[in-house]
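K.L.:
Quick one: the structure is below, and I'll ask about it shortly.
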Amino acid sequence: MFTNVEIYSKSNCVFCDKAKNYFNQNNIPFTEHNVEIQEIFDSLMQRNPNARTMPQIFIDNELIGGYTDLVEWLKS
């Protein structure tokens, strides 16, 4: 279904956990990037300068957005 899933997340983030749980429950592998590490945060800002909330989800290098954006994207 998906070949490359990336989740930019941070600790103590309920919506980050929901997104990761969705992928885990559906056996979809993903790469998690911890934005609490400055270099990773900087990388996210280069990919999506408008990111203001977590998580930020990319599927096959396409920005999906946050968890609620993922839910809407999956419905379409």
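Rule-based calculations on the coordinates, nothing more; no lab input. Since we're looking at a predicted model, the values are computed, not measured. FYI the Cβ positions are ideal-geometry reconstructions off the backbone, even for glycines, and counts take in every protein chain you see.
K.L.:
For the chain, find the longest principal axis of its Cα atoms and tell me its angle to the long axis of helix 14-25, 0 to 90°, nearest 10.
P.N.:
Between the helix axis and the principal axis of the chain, the angle is about 40 degrees.
K.L.:
Then there is this: Compute the long axis of helix 38-47 from its Cα atoms, compare it with the longest principal axis of the Cα atoms of the chain, and write down the angle in degrees, 0 to 90, nearest 10.
P.N.:
Roughly 60 degrees between the two axes.
K.L.:
Can you sort MET45, MET54 from fewest to most other Cβ atoms within 10 Å of each residue's own Cβ? Write out the running numbers ahead of the final one.
P.N.:
Working: MET45 13, MET54 21.
By the 10 Å Cβ count, ascending, the order reads MET45, MET54.
K.L.:
Next up: How high is the relative contact order of the chain? Use alpha-carbon pairs under 8 Å, at least six apart in sequence, and give a whole percent.
P.N.:
Working: 103 pairs, mean separation 29.6, N = 76.
Averaging sequence separation for qualifying contacts and normalising by length gives 39 percent for the chain.
K.L.:
Out of all DSSP beta bridges in the chain, what portion is antiparallel? Express it as a percent rounded to 5. Don't jump to the answer; show the numbers that get you there.
P.N.:
Numbers: 7 of 11 bridges.
Taking every DSSP beta bridge with both residues in the chain, the antiparallel ones total about 65 percent.
K.L.:
Once you have the Cα-Cα distance between SER76 and GLU39, take 0.36 nm times their residue separation minus that, and quote the gain in nm to one decimal.
P.N.:
10.0 nm
K.L.:
Can I ask one more? Per the helix-only calculation at 222 nm, which mean residue ellipticity applies to the chain, given -39500 (n - 2.57) for every DSSP H run of n ≥ 4 and division by its residues, nearest 500 deg cm²/dmol? Each step should come with its number before you reach the end.
P.N.:
Numbers: 3 runs with 31 residues, N = 76.
Roughly -12000 deg cm²/dmol at 222 nm, from the helical runs in the chain.
K.L.:
In region 11-76, which trypsin sites (Lys or Arg not before Pro) fall in coil by DSSP and have 11 or fewer other Cβ atoms within 10 Å?
P.N.:
Values: sites: LYS18, LYS20, ARG47, ARG52, LYS75; in loops: ARG52.
Here the sparse-neighbourhood loop sites are ARG52.
K.L.:
So, one more: Can you list the lysines whose alpha carbon is less than 21 Å from that of LYS75, not counting same-chain residues fewer than 8 positions off?
P.N.:
LYS75 reaches LYS18, LYS20.
K.L.:
Let me ask another. Which shape class, rounded, prolate or oblate, goes with the chain when its Cα gyration tensor gives a ≥ b ≥ c as root eigenvalues, a/c under 1.5 marks rounded, and past that a/b bigger than b/c marks prolate? Intermediate results must be reported in sequence, preceding the final value.
P.N.:
On the way: a/c = 1.56, a/b = 1.40, b/c = 1.11.
Taking the square roots of the gyration eigenvalues as a ≥ b ≥ c, the chain is prolate.
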